[in-house]
Amino acid sequence: MNTIALGVDRARYETKIYFRQGDTIFFTFLFPIVMLSIFSVAFSSAGKYGTNPDGSGGITAAAFYLPGMIAAGILLSGIQNLAVDIAMERSDGTLKRLGGTPLPVVSYFIGKFGQVLVTSLLQIALLILIAHFAFGVALPTEAAKWGTLAWVYLLGITTSAVLGIALSRVPRTGKSATAVIIPIVLVLQFISGVYLQFSLLPTWLQNIASVFPLKWMAQGMRYVFLPDTFSKVEQGSTWNLGTIALVLAIWLVGGLIAARLTFRWIRKDS
Amino acid sequence: MTSTQISSTGTQSAGGDTHVSVQDLRKTYGSFAAVDGITFDIERGETFALLGPNGAGKSTTIEILEGYRDRTSGTASVLGVDPQHGGIDWKSRLGIVLQSTGESGNVSVQEQLSHFARLYPNPRDVDEVIAAVGLTEKAKTRIKSLSGGQRRRVDVALGVIGRPELLFLDEPTTGFDPEARREFWELIRSLKREGTTILLTTHYLDEAAQLSDRAGVIAGGKLIDIGKIDELGAADARIPVVRWTDQNGTHEERTLEPAGVVARLYASLGAEPQGLEVIRPSLEDIYLELVSAYEKTTDVKSTEKELS
Ligand SMILES: Nc1ncnc2c1ncn2[C@@H]1O[C@H](COP(=O)(O)OP(=O)(O)OP(=O)(O)O)[C@@H](O)[C@H]1O
Ligand SMILES: [Mg+2]
């Protein structure tokens, strides 16, 4: 079998295993869905977001938080899921065993990416369906917005997956993996406009967040799901789709190089 | 021991008759030499056992040959390739059973083996391999719910699924019940008949005697003996012993002609000697003698060092 076919085969195998692990299902798969539900219910009586000065218009908490949760879901499915998963596989001997077989590294990567793609698509579909049917969030009607959703998602998930593979080298052991990775993604979520309204953060914090990809994924999702009037509170009062693509692409290329150069089946010094 | 030097850059032809060639292999961790200058060859189709006490350097040697660890010095050639630079094609000709594994095992035996079979160009039949390791009834069971010995059998199955030309087995039968070990021996014999080259480590000396053609004994990272299974040890260590008891106590006689001794004994006693035994030293006896002799010499050396 060639590298691609083996990769597809791995993706099937990895996806099957993914859904057999209870803890990852909660922390990466269901987490954004749970958070969206909590925020929607908890802030449902807090009034509307983005109302006009006369109190008309505005959107519900569910509608306001949906874009951020989708962006967080992409980040978690990619970075957190893979970084922890691969670090665990490195320390429990899975990778040592695979490293002794003729499995190409690239097929292994394709398998991980396939698993991330399948699970995150399901996750986002669930998020959108729950937001729409349980919390009455209106969905975009223009095809162009769905097109933007598609490319921001694809670029975002690929970047997150590649960064997850690269980051998996950081934890020394599988046990420490969650302790090392979760704080990173949690801080990113707080400063990138997932839980806290981005426009309310101090400028210096906004600037720091702008270095990282999550802020841009969330911004892209806000463009897709929020009314156009919300663009006025974005940085520069515009959705800035071009910069979203550029920043994500830079992280993608950097992550790809880092992942390919640093990936080892095992730590040879041990 | 004289053998031709293999340069580290040149590779032997892949079809050569020497499947493993190791010369003056060393691996140090800090100032500690885990493997301290080992030289041996394994021919195509041969089963070679590496014996030695805990910490002797067996796993370190094997993992260097499998490409998992980098050697400090010396040369190594496995299927004509330097294991530090083995690629995909090289790996597809190897089978590896590591000493220990700890995967989460969220797949069934059958799923795991089918998946691994697809990684190799010419794999064995999955169901046949499952049957050969005696797991047919457990084929649909998740690996994590298997017993220790059953999980170990999965390791062995994964090692042979790719129809390897060269199979590394690092203490493969740890945790096997006696029946499973007999089944495993049968599996290894069938692999040998197919011409598989095997490098085995084990602490079961009867297993080594049953399966291997030649063995090397290592202790403290050094090869202290190497040879055909029935030629290991000092010549007199292999001489049979005749043992019997009379009113003066227990007697032992080392002799190359035990039948003659017994016949003479019978003639002189005019009766059946009590507690008569003819003991051929087992591989275990010879091995223990070799290792304890080695330990004595190193003890002497280290005391000399301390004194000077
Ligand atoms: N990564 C390492 N760092 C430091 N020392 C090591 C390392 N790996 C092995 N050693 C040491 O090298 C020596 C040989 O270890 P090895 O695992 O090769 O022994 P072994 O012959 O396989 O023993 P056993 O029969 O117990 O499996 C041991 O003293 C061990 O402590
Ligand atoms: Mg060992």
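The values are calculated or read from the model by the stated rules, or taken from the named source; none is laboratory data. Bear in mind that the values here come from a model prediction, so they are computed numbers and not experimental data. Cβ atoms come from the backbone with ideal geometry, glycine included; neighbour counts cover every protein chain shown. We work out accessible area using only protein heavy atoms, side chains counted, and drop any ligands, DNA or RNA first. Shrake-Rupley method; radii C 1.70, N 1.55, O 1.52, S 1.80 Å.
Scanning region A:22-47 for residues that are of a type outside the set (A, V, I, L, M, F, W, C) and surrounded by fewer than 15 Cβ atoms within 10 Å (Cβ to Cβ) yields A:G22, A:D23, A:S44, A:S45, A:G47. Any chance region B:26-34 includes a residue that's within 19 Å of the chain's Cα centre (by Cα), surrounded by 17 or more Cβ atoms within 10 Å (Cβ to Cβ) and either without any contact (Cβ under 8 Å) to a residue 24 or more places away in the chain or closer than 24 Å to B:S190 by Cα (or both)? No, every residue in region B:26-34 fails to be within 19 Å of the chain's Cα centre (by Cα), surrounded by 17 or more Cβ atoms within 10 Å (Cβ to Cβ) and either without any contact (Cβ under 8 Å) to a residue 24 or more places away in the chain or closer than 24 Å to B:S190 by Cα (or both).
From the list B:T196, B:T250, which one is β-branched (V, I, T) and under 16 Å from the mean Cα position of the chain (by Cα)?
B:T196
Residues to consider are B:L200, B:L169, B:L158; find the one that is within 16 Å of ligand 2 (Cβ to nearest atom), closer than 26 Å to B:K58 by Cα and within 14 Å of another protein chain (Cβ to nearest Cβ).
On the way: B:L200 fails: within 14 Å of another protein chain (Cβ to nearest Cβ); B:L158 fails: within 16 Å of ligand 2 (Cβ to nearest atom).
Residue meeting the stated conditions: B:L169.
Checking B:D225, B:D230 one by one, the residue that is surrounded by fewer than 17 Cβ atoms within 10 Å (Cβ to Cβ), closer than 30 Å to B:L187 by Cβ and acidic (D, E) is B:D230 and no other. Taken over region A:230-270, the criterion of being of a type in the set (A, V, I, L, M) and within 14 Å of chain B (Cβ to nearest Cβ) is satisfied by A:I266 alone. Within 14 Å of another protein chain (Cβ to nearest Cβ), closer than 19 Å to A:A11 by Cβ and not in a loop (DSSP other than H, G, I, E, B) - does that describe any residue in region A:115-134? Checked against the condition, which is being within 14 Å of another protein chain (Cβ to nearest Cβ), closer than 19 Å to A:A11 by Cβ and not in a loop (DSSP other than H, G, I, E, B), region A:115-134 yields at least one hit. Is it fair to say B:S145 is more than 30 Å from B:A56 (Cα to Cα) and either surrounded by fewer than 20 Cβ atoms within 10 Å (Cβ to Cβ) or outside the structural domain of B:E284 (by TED's automatic domain parsing) (or both)? Spelling it out, B:S145 is indeed more than 30 Å from B:A56 (Cα to Cα) and either surrounded by fewer than 20 Cβ atoms within 10 Å (Cβ to Cβ) or outside the structural domain of B:E284 (by TED's automatic domain parsing) (or both). Restricting attention to region B:276-287, the residues being open to solvent by less than 50 Å² (accessible area, probe 1.4 Å) and either on the phi > 0 side of the Ramachandran plot or assigned to a strand (DSSP E or B) (or both) number 1.
On inspection, B:I38 fails the criterion of being crowded, with 24+ Cβ neighbours inside 10 Å, modelled with pLDDT of 95 or more and either more than 16 Å from ligand 1 (Cβ to nearest atom) or within 14 Å of chain A (Cβ to nearest Cβ) (or both). Of everything listed in (1) open to solvent by 10 Å² or more (accessible area, probe 1.4 Å); (2) more than 13 Å from the chain's Cα centre (by Cα); (3) away from ligand 2 (no atom under 16 Å from the Cβ), the single unmet condition for B:D206 is (2). Against the condition of a type in the set (D, E, K, R), touching a Ser or Thr at 6+ places or on another chain (Cβ under 8 Å), open to solvent by less than 50 Å² (accessible area, probe 1.4 Å) and on the phi < 0 side of the Ramachandran plot, how does B:D155 come out, does it pass? Spelling it out, B:D155 is indeed of a type in the set (D, E, K, R), touching a Ser or Thr at 6+ places or on another chain (Cβ under 8 Å), open to solvent by less than 50 Å² (accessible area, probe 1.4 Å) and on the phi < 0 side of the Ramachandran plot.
State whether the residues of region B:273-281 include one that is of a type in the set (S, T, N, Q) and in contact with a helix residue (DSSP H, G or I) (Cβ under 9 Å, 6 or more places away or on another chain). No: region B:273-281 contains no residue that is of a type in the set (S, T, N, Q) and in contact with a helix residue (DSSP H, G or I) (Cβ under 9 Å, 6 or more places away or on another chain).
Any idea how many residues of region B:46-70 are open to solvent by 30 Å² or more (accessible area, probe 1.4 Å) and either more than 16 Å from ligand 1 (Cβ to nearest atom) or away from chain A (no Cβ under 11 Å) (or both)?
3
Remark: pairs (first residue in region B:47-60, part of a helix (DSSP H, G or I); second residue near ligand 2 (Cβ under 8 Å from one of its atoms); Cβ separation under 8 Å; 6+ apart in sequence or on different chains) = B:K58/B:D170; B:K58/B:T201; B:S59/B:Q99; B:S59/B:D170; B:S59/B:T201. The criterion of at least 3 residues that are within 14 Å of chain B (Cβ to nearest Cβ) and touching a residue at least 40 places away in the same chain (Cβ under 8 Å) is met, among helices (runs of 4 or more DSSP H) falling completely within region A:1-79, by A:3-18.
Could you tell me whether region B:183-203 includes any residue that is open to solvent by less than 10 Å² (accessible area, probe 1.4 Å), farther than 27 Å from B:S92 by Cβ and in a helix (DSSP H, G or I)? Looking for residues that are open to solvent by less than 10 Å² (accessible area, probe 1.4 Å), farther than 27 Å from B:S92 by Cβ and in a helix (DSSP H, G or I), one finds none in region B:183-203, hence no. When the residues of region B:71-91 are filtered to those that are in contact (Cβ under 8 Å) with a residue 40 or more places away in the chain and open to solvent by less than 20 Å² (accessible area, probe 1.4 Å), the one that is nearest to B:Q23 (Cα to Cα) is B:A76.
Selection of region A:222-266 for residues being basic (K, R) and either crowded, with 16+ Cβ neighbours inside 10 Å or in a helix (DSSP H, G or I) (or both) yields A:R222, A:K232, A:R260.
If the condition is being facing chain A (nearest Cβ under 7 Å) and over 24 Å from the mean Cα position of the chain (by Cα), then region B:90-114 contributes B:E103, B:S104, B:N106, B:V107. Per the conditions (1) part of a helix (DSSP H, G or I); (2) over 23 Å from A:Q80 (Cα atoms); (3) of a type in the set (V, I, T), the sole criterion not satisfied by A:V137 is (1). Taking region B:115-131 as the range and being more than 8 Å from every other protein chain (Cβ to nearest Cβ) and surrounded by 17 or more Cβ atoms within 10 Å (Cβ to Cβ) as the test, the residues that pass are B:A117, B:P123, B:R124, B:V126, B:V129, B:I130.
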